[in-house]
Amino acid sequence: MKLKTLSTKICALAVSVGAFFFVGCETTGTTGSSSKKSAATGSSPVAEGRRLFFGRCTSCHAPEPVHTYPLSEWRPIIADMSDDAKLTSSQRSALMAYVKSVY
């Protein structure tokens, strides 16, 4: 009986984690519509960059604390990962603006 309860709890946890990753992923398309939307809503580049950092970036990996890397290393990091994350030029700039704001 205890084994069945444990199996049920593990299954429920697996479903919850899977749902979190499925629903929690950033789904902005490659057309740059999120940048246009942020401009239309008056969102600052720093706010847009923070949204991307904790949305798009964390859909693939845990967020690295910004201070983990020196500021000089962030531009190459963003450039390297921007293709995988399908970031537009304005989104890369916004992400860099957020990183700079933390320093």
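Please treat every number below as a calculation from the coordinates, not as lab data. Note that the coordinates shown come from a computational prediction; the quantities given were computed from them, not determined experimentally. Cβ sites come from the backbone with ideal geometry, for glycine too, and all protein chains shown count toward neighbours.
Each peptide in 78-87, 47-56, 64-73 was scored by the mean count of other Cβ atoms within 10 Å over its residues; highest first, the order is 47-56, 78-87, 64-73. Modelled spin-label separation between SER90 and ALA62, with each label point placed 7 Å from Cα along the Cα-to-Cβ direction: 3.4 nm.
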